[in-house]
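Colleague: Sharing a structure, written as structure tokens. Questions coming.
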């Protein structure tokens, strides 16, 4: 192999049929190039990366690497890959949904961020690796370093995963949608750090991006992937010049939402009168040990309001939503009213949840059972993480209807873990809408979606919220992702 090529594949065909691209792979990545792999959801980006990293072996050939000038030669020593699911934490089989809020269930010996990083940092690595990691800011954040890993927000967890990868001083760093879950300041920090590393070291960075508007300026070349086919490599500018405007969503298809039958809420005992308070927080504080997450928060949301909830990583956004969704036991010690009822006055969590549709990074992390996609959607009817009651025919029709709205009805019988990360997110969004909830809680709902699907989801939210008795709270770190129907904004700050 030519010394000028860091990675080379010639007529590569994955050994297992389920791993294959639509045609043999031919690829060269030269020394000094910095790469973005781009494509729509389910285009084959992750499959290509799994081949590049050797996770999907090839027939009659192999991926050829030249790791010079690094002295280490093993792929495992030189390649670090942070996948989409890594941003939600380690999958050790013990994690369950709501664990982050039930901290009495967390073992006393559960490692903190500091302990986890100290185990990775060796004396020989304290030079470049520690310097790279420090650039992301986590090494000097005492509050974050002392947190157990299980308690990290999705944004904090992403920073930890990046720091962990950099401490290994990789020759090749592959990051799947690295900017999702990060606030604007941290996204800028990460872009600057990666640009600094690519200019000052021999590091090859490969970014896997669903958002074609997030290709950093340090990227030199783009590998487009379409329909499980790798298209010819382009320079960054050539690729940007080739982009066409994103097609508008099929609004006619969304008319199905407007025709859904209205509920008789007057017959609901656990729901306020029309226009009443959906939720009210009065001087709510949440603490874990010596750490304060929320401090004396007052907040009232009335029926029909659509709130944007924002704040930096670790400011308590997901903790706040866990109180609304009856997932956090600390709610019983706070002055919180949901749907006109004070928490802890005899209501069941199921009375609360029957009116709420919810999607979040924590929920995505919890869905690790390889059930058919339609069963994942149907689990929203019973508010279970996993399907425990088989849906009736009319319920199955509702599931298929919402899957059709999100463009994934053809995946109804495909198992969840075999879907792309974007398809999984669309599946969980359909789950949030399937029972036609009165309160929609959307925590980073557009994570990992391409431009076309982001526009579709925004249009679905807009259409849904135009119907009577619909209230929404949405979290995003991207202001442009907020739908036009937003009426109010709550901004949290990180407590110190």
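The values are calculated or read from the model by the stated rules, or taken from the named source; none is laboratory data. Model, not experiment: these values are computed from the prediction. Virtual Cβ from ideal backbone geometry, glycine too; neighbours counted across all protein chains shown.
Table: residues versus (1) touching a helix residue (DSSP H, G or I) at 6+ places or on another chain (Cβ under 7 Å); (2) in a loop (DSSP other than H, G, I, E, B); (3) modelled with pLDDT under 95.
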residue: 32; (1), (2), (3): no, yes, yes
residue: 42; (1), (2), (3): yes, yes, yes
residue: 48; (1), (2), (3): no, no, no
residue: 67; (1), (2), (3): yes, yes, yes
residue: 71; (1), (2), (3): no, yes, yes
residue: 80; (1), (2), (3): yes, no, yes
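Colleague: Are any of the residues in segment 203-217 part of a loop (DSSP other than H, G, I, E, B), surrounded by fewer than 16 Cβ atoms within 10 Å (Cβ to Cβ) and assigned by TED's automatic domain parsing to the domain that holds residue 117?
Modeller: Yes, because at least one residue in segment 203-217 is part of a loop (DSSP other than H, G, I, E, B), surrounded by fewer than 16 Cβ atoms within 10 Å (Cβ to Cβ) and assigned by TED's automatic domain parsing to the domain that holds residue 117.
Colleague: Consider residue 400 carefully, then state whether it is surrounded by fewer than 23 Cβ atoms within 10 Å (Cβ to Cβ) and either at pLDDT 95 or above or within 14 Å of residue 260 (Cβ to Cβ) (or both).
Modeller: Taking the combined requirement at face value, the residue satisfies it.
Colleague: Given the structure, is residue 441 out of contact with any helix residue (DSSP H, G or I) (no Cβ under 9 Å at 6 or more places or on another chain) and surrounded by 22 or more Cβ atoms within 10 Å (Cβ to Cβ)?
Modeller: It is false that residue 441 is out of contact with any helix residue (DSSP H, G or I) (no Cβ under 9 Å at 6 or more places or on another chain) and surrounded by 22 or more Cβ atoms within 10 Å (Cβ to Cβ).
One line per residue, one yes/no per condition, for (1) assigned to a loop (DSSP other than H, G, I, E, B); (2) under 30 Å from residue 413 (Cα atoms); (3) touching a residue at least 12 places away in the same chain (Cβ under 8 Å); (4) under 29 Å from the mean Cα position of the chain (by Cα):
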{"site": "262", "(1), (2), (3), (4)": "yes, yes, yes, no"}
{"site": "284", "(1), (2), (3), (4)": "no, no, yes, yes"}
{"site": "292", "(1), (2), (3), (4)": "no, no, yes, yes"}
{"site": "309", "(1), (2), (3), (4)": "no, no, yes, yes"}
{"site": "314", "(1), (2), (3), (4)": "yes, no, yes, yes"}
{"site": "326", "(1), (2), (3), (4)": "yes, no, yes, yes"}
{"site": "336", "(1), (2), (3), (4)": "no, no, yes, yes"}
{"site": "350", "(1), (2), (3), (4)": "no, yes, yes, yes"}
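Colleague: For segment 352-382, give me the residue count where each residue is in a loop (DSSP other than H, G, I, E, B), in contact with a strand residue (DSSP E or B) (Cβ under 9 Å, 6 or more places away or on another chain) and within 18 Å of residue 440 (Cα to Cα).
Modeller: 2
Colleague: Before we move on, is residue 413 surrounded by fewer than 18 Cβ atoms within 10 Å (Cβ to Cβ) and either in the same structural domain as residue 153 (by TED's automatic domain parsing) or in contact with a strand residue (DSSP E or B) (Cβ under 7 Å, 6 or more places away or on another chain) (or both)?
Modeller: yes
This table checks each residue for (1) out of contact with any strand residue (DSSP E or B) (no Cβ under 9 Å at 6 or more places or on another chain); (2) surrounded by fewer than 15 Cβ atoms within 10 Å (Cβ to Cβ).
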| position | (1), (2) |
| --- | --- |
| 273 | yes, yes |
| 283 | no, yes |
| 286 | no, no |
| 291 | yes, yes |
| 299 | no, no |
| 305 | no, no |
| 310 | no, no |
| 315 | no, no |
